[in-house]
Amino acid sequence: MSVSLVLAILVGVLVAGGVVLLLERSLTRVLLGAVLLGNGINVMILTMGGVAKEAPIIGENAQADQNDPLPQVMILTAIVITFAVTAFLLALAYRSWQLQGHDEVQDDVEDRLVATRREAEELEDTGADADLEAAQDARAAVEETASPDDDAAITRDA
């Protein structure tokens, strides 16, 4: 079985483009990344299915001359899953647009606080004094960025 170099390059480009777009902060780009990744995987499954042969209908053709229907079934299943993920991401982006006026995912203040506290605790355990002061300064800076407006926005949206 030989794999077409063009199809292999196409799979690589689609999957790489999909992964890059999935790592973006805009939900629209994440949506496009999911679609590209799904299509790349479908082309890969189709490529790995082998050369096209006769229809897999028992009794009409010899079994050696028939296609394996499993890759086609897997592609149909992947198409349905990609469609469901696309519909979910579209709904998520639309709701974000309604609430905030944009579809950009924002930083979570609580996640930054937890990460800063963890770093400070790790530095306290190692006993590094200079690094401890830097971690305490970072913690203070993060706590200053967490304004009461963030708490009010969270309770208002919920």
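The numbers here are math on the coordinates, done by the rules we state, and not lab data. Every value quoted in this text rests on a predicted model; they were computed, and no experiment measured them. Cβ placement follows ideal geometry from the backbone for every residue including glycine, while neighbour counts extend to all protein chains displayed.
Between Phe83 and Ser4, the contour length at 0.36 nm per residue exceeds the alpha carbon distance by 25.7 nm. The ranking of Val35, Val51 from fewest to most other beta carbons within 10 Å of each one's beta carbon is Val51, Val35. Over the Cα atoms of the range 5-100, each weighted equally, I'd like the Debye log10 I(q)/I(0) at q = 0.18 Å⁻¹, rounded to two decimals. Once normalised to I(0) and log-transformed, intensities are -0.84. For the range 5-100, averaging the sequence separation of C-alpha pairs within contact (under 8 Å, six or more residues apart) and dividing by the residue count gives a relative contact order of 27 percent.
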